[in-house]
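K.L.:
What follows is a structure written as structure tokens; I'll ask about it next.
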Amino acid sequence: MAVLNKMTNKTKNSGETLIEILVSTVILITVVTSAFVFLNRGVATNLGLTNRIIAIEIAREGLEAVRNIRDTNWLKYSGDRRAKWLCVDEQGEDTCSGINVTAIDIPGFYRAEFSEDDKRYYIEEPDVGSELLDLANNSAGYENFQLFETSSGRLVHDNVDNTPTIFYRQIELIPETNALNEEKLKVISRVQWSEVNTYPSTVLETHLFDFYERDAY
């Protein structure tokens, strides 16, 4: 009888041990899986935040590019800044032809580029007609606004011998007249990029005036 009780207890102990092992294994798998899920989410979140910070800086550069052009024109065309405070020299030329506040009748989409030779920014309109930047729906001409990284780390629109990035920047220029009958230029800098199945974007805006034209400040 004593032998039978010992065998029964041994069988129960073996069964309990097996169940404990199975439960422990399930718990371990659950913990490890959860840890990997949280780790992946953390990495994705960190990458998303990094891309957004970069995008904000790229958009800010777009605004500063147009402001730089205005300031340059104030000095370069000081004798005729009334008519040329927002005109744009074509890169490689020395004529103020192209964009000016009175010549733009409808909103236009442009690229901002820095010239290493001239040490100044230029605005250029893509040769192919473009629409409001929308990567999700492949808006017309969206590829014209992709940014490429040079060997020195600068982001440009020139794709020759440069590395493509996930970022696209589009500058929208909208001429307006305010309540004081002052001409102004609304500058909108849009940056969009591609992540996993998503196309986040950031938009910055500023208004530029010809301050020398104002009677009071």
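K.L.:
Step by step: first the residues of the stretch 178-207, then only those that are of a type in the set (Ser, Thr, Tyr) and in contact (Cβ under 8 Å) with a residue 40 or more places away in the chain, then the one that is farthest from residue 166 (Cα to Cα). Which residue is that?
P.N.:
Filtering first and then ranking leaves 206.
K.L.:
Something else now. Among 168, 199, which is the only one that is more than 24 Å from residue 71 (Cα to Cα), modelled with pLDDT of 95 or more and out of contact with any Asp or Glu (no Cβ under 7 Å at 6 or more places or on another chain)?
P.N.:
Residue meeting the stated conditions: 168.
K.L.:
How about the stretch 166-180: which of its residues are surrounded by 15 or more Cβ atoms within 10 Å (Cβ to Cβ) and among the β-branched types (Val, Ile, Thr)?
P.N.:
Selection gives 166, 171, 174.
K.L.:
Looking only at the stretch 151-182, which residues are over 19 Å from residue 123 (Cβ atoms) and assigned to a loop (DSSP other than H, G, I, E, B)?
P.N.:
Once the filter is applied, which keeps residues that are over 19 Å from residue 123 (Cβ atoms) and assigned to a loop (DSSP other than H, G, I, E, B), the stretch 151-182 yields 151, 152, 153, 160, 161, 162, 178, 179, 180, 181, 182.
K.L.:
Related question: Of all residues being acidic (Asp, Glu) and either in a loop (DSSP other than H, G, I, E, B) or touching a Cys at 6+ places or on another chain (Cβ under 9 Å) (or both) in the stretch 127-148, which is surrounded by the fewest Cβ atoms within 10 Å (Cβ to Cβ)? Just the residue, please.
P.N.:
127
The values are calculated or read from the model by the stated rules, or taken from the named source; none is laboratory data. Predicted model only: the values in this text are computed from it and were never measured. Here Cβ is always computed from backbone atoms with ideal geometry, including for glycine, and neighbour counts include all displayed protein chains.
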